[in-house]
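Take a look at the structure set out below.
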Amino acid sequence: MHAISDALIITKRQLLQLARVPELILFSIIQPIMFVLLFRYVFGGSIDTGQPGGYVQLLMPGIFVQTVAFTLAGTAVGLTADMQKGLIARFRSLPISRSAVVFGRTLGDGALNIVVLTAMGLTGYVVGWRPSSGFLNITLGFVFLLVFGFAMSWIGVLIGLSVREERVATNATFIAVFPLTFLSNAFAPTTGMPKPLQYIAEWNPVSTMVAGCRQLFGLENQFGATAGSFPSDNPLTMSIVYMIIIMAIFIPLSVRKYNRAVNK
Amino acid sequence: MKAITAEELYKTYDKGKIKALDGLNLDVEEGTVLGVLGPNGAGKTTTVRVLATLLVPDAGRATVSGIDVIKNPQEVRKIIGLSGQYAAVDETLTGWDNLIMFGRLYHLSARAAKSRAIELLEQFSLTDSAKRPIRTYSGGMRRRLDLAASLIVKPKVLFLDEPTTGLDPRGRQDMWGVINELVKGGVTLLLTTQYLEEADQLADEIAVIDHGKVIARGTSDSLKKQVGGERLEIVVENQHMAATKEIVARISSSALNVDEGLRLISAPVTTGSKALIEAAKLLDEMGIHPLDIGLKRPSLDDVFLSLTGHLAEEKKDEDLALASKKRGR
């Protein structure tokens, strides 16, 4: 089957773009690094975590998850641009697998995440992040993050192929992801939120991911309203369930959308 | 053998409010060039999209090389090439990168993709710019690279959607040269254009479309006969109007058209530049120096005027329809 090799050619195209325009990589990593530094030094002093190592230990998993969740923005904007320029029409006129272009794109965005997470992890280390769980668990944590980014990327495919302009794609993805990452345990404990909000925040896939990663990086989680419930006791399992649900819904929808996509 | 057939194609946008294709019929003989001529929004792009498997029509049937485009799109994609205003290449990458990528997507081996890229770059005079990103290319170079990308597997049927729209005259001439070379190689070509001159240059036959259907079909000569061919146009000072009318009447056997306000005298001619030279000679002998003198070729507007009685309107219906369709989804 050509399905995989076709998708890898599209992924390669994206990596070549990065090689031809290195600024693309630079700006992909500057923003997350900036976030690490801002949160670490702006909020770090005023949030008492009660855990050894201070706020940065809790912050890093949160900011990792936020960054990979935002993968969907890059995916969406990239596809909208390809659509506007007529590249999608060109690809669709080729005898390639029906899912190659969208799979290749999500894989490429996943590959970029490896670079981004590495840069963030190193920055985190410089400012005091010290995961204590050993090599295997830490690696597993990063694998989790990459898969979550890949799953979110598929939501980006659908958005990217549904809007007509890059600016719309940028705004739409921001509106979709921003509340999701802040209405969570990523930057501040949920226990400070109004009770009804705690339920939403703690069941939010971003929170289960953050809690799961904290667990893998050797930290203890705090829960408010949902303490003792399944997601709070099993954040990793719950995250896997969420990822499967996201992919089961958005992969077929995205592939279908791609195969009907026509630019203006 | 017909390389392309389209029977009674219908496509509406915006819940039937806008008819992009309204019972379009078309066929192209193998190894020939059909020019599809029409204004924006006439249905040219929609036609190409249906034939190139990008769009499924609401009703009707279409084949390319005998293969049904609706039932068997993947087979059709193996034998067609598509290039034009809406099918593009990756502008961030170099010309070389693009040709290799498309070659690999056509399932050529790495080595075959490379040698084909070298061949095509040579053929389209792009070898020197191969390692530059496409966004640094001129409009004409970009179109040539785009065309090259659609020729990687030597398609049996080629679709060119407005191949020269937006190019300067020089770029247009180059592109015509390139396309004429291709056609000599025996490919079946369907090209859409807004310019009668372009269809005239490149096509064996022309189909004029308006409101989603073919309203006239024929060779460029037969269409021109309907339109009236070239016109001789002379603008002179007021005091020379009478004498010039006599001269033009001697050259053209048809009725003169005189616009007193513009001081313009025009008439259909059949002998082309010979008529122009003769007119210039006679005017010179009389000591008349025209303010303007020239041959005017019939334009798309002239064709439409004579075929439909109305001018070719710029319609944005198709675009609007697609736009609202997208929002609806």
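Before moving on, here are some points about what is shown:
- Taking the inverse of the mean reciprocal distance over all distinct Cα pairs, the Kirkwood hydrodynamic radius of the stretch A:64-199 comes to 16.6 Å.
- Straight Cα distances below 27 angstrom link B:Lys19 to the lysines A:Lys85, A:Lys257, A:Lys264, B:Lys2, B:Lys11, B:Lys44, B:Lys71, B:Lys213, B:Lys315, B:Lys316, B:Lys325, B:Lys326, with same-chain residues fewer than 8 positions distant left out.
- 10 Å-binned pair-distance histogram of the protein assembly as shown (Cα, whole percent): 3, 15, 21, 19, 15, 12, 8, 4, 3, 1, 0
- Cross-link reach is defined here as a Cα-Cα straight distance under 17 Å, omitting same-chain residues fewer than 8 places apart; for B:Lys78 the lysines meeting it are B:Lys154, B:Lys156.
- Chain B, helix-only ellipticity at 222 nm - DSSP H runs n ≥ 4, -39,500 (n - 2.57), divided by all residues, nearest 500: -11500 deg cm²/dmol
- Of B:Val28, B:Val183, B:Val258, the one that fluctuates the most in a GNM where chain B has Cα springs shorter than 10 Å: B:Val258
- Shape analysis of chain A places it in the prolate category; the axes a ≥ b ≥ c from the Cα gyration tensor give an a/c of at least 1.5, with a/b above b/c.
- In the stretch B:93-184, GluC sites (Glu not before Pro) in a DSSP loop with at most 13 other beta-carbon atoms within 10 Å: none
- Packing order of peptides B:283-289, A:6-12, highest average first: A:6-12, B:283-289 (average count of other Cβ atoms within 10 Å over each peptide's residues).
- Considering helices alone, the calculated mean residue ellipticity of chain A at 222 nm is -24500 deg cm²/dmol, with DSSP H runs of length four and up weighted by -39500 (n - 2.57) and normalised per residue.
- Taking Cα atoms only, the orientation of helix A:100-126 departs from the longest principal axis of chain A by about 30 degrees.
- Rh (Kirkwood; distinct C-alpha pairs) - the stretch B:230-296, Å: 11.4
- Intensity falloff of chain B expressed as log10 I(q)/I(0), Debye formula with alpha-carbon point scatterers, at q = 0.08, 0.13, 0.16 Å⁻¹: -0.46, -1.00, -1.28
- For chain A, the longest principal axis of the alpha carbon atoms and the long axis of helix A:235-258 meet at an angle near 20°.
- Most mobile of A:Gly149, A:Gly86, A:Gly78 in a GNM of chain A (Cα contacts under 10 Å): A:Gly86
- Legend: calculated FRET efficiency, B:Asn180 to B:Ser138, from the Cβ-Cβ distance at R0 = 22 Å, rounded to 0.05, equals 0.60.
- The ranking of B:Ser220, B:Ser273, B:Ser254, A:Ser46 from fewest to most other beta carbons within 10 Å of each one's beta carbon is A:Ser46, B:Ser273, B:Ser254, B:Ser220.
- The stretch B:131-260: Rg to Rh, with Rh as the Kirkwood radius over Cα pairs: 1.13
- Relative frequency of Cα-Cα separations exceeding 22 Å in the stretch B:1-104, percent: 37
- Gaussian network model of chain A, Cα within-10 Å springs - most flexible of A:Thr191, A:Thr181, A:Thr67: A:Thr191
- Average Cα contact separation per residue, chain B, under 8 Å, 6 or more apart, as relative contact order %: 22
- Applying both filters, DSSP loop and at most 10 other Cβ atoms within 10 Å, to the trypsin sites (Lys or Arg not before Pro) of the stretch B:58-133 gives B:Lys71, B:Lys131.
- When each of the peptides A:206-212, B:264-270, B:276-282 is scored by the mean number of other C-beta atoms lying within 10 Å of its residues, the order from highest to lowest reads A:206-212, B:264-270, B:276-282.
- Beta bridge orientation in the protein assembly as shown: antiparallel %, DSSP, nearest 5: 65
- Principal-axis tilt of helix A:71-85 within chain A, Cα atoms, nearest 10 degrees: 20
Readers should treat all values here as calculations from the given coordinates under stated rules, not as data from a laboratory. Computed from a prediction, not measured in an experiment: that's the story for all the values here. Please note: Cβ atoms are built from the backbone with ideal geometry, for glycine as well, and neighbour counts cover all protein chains shown.
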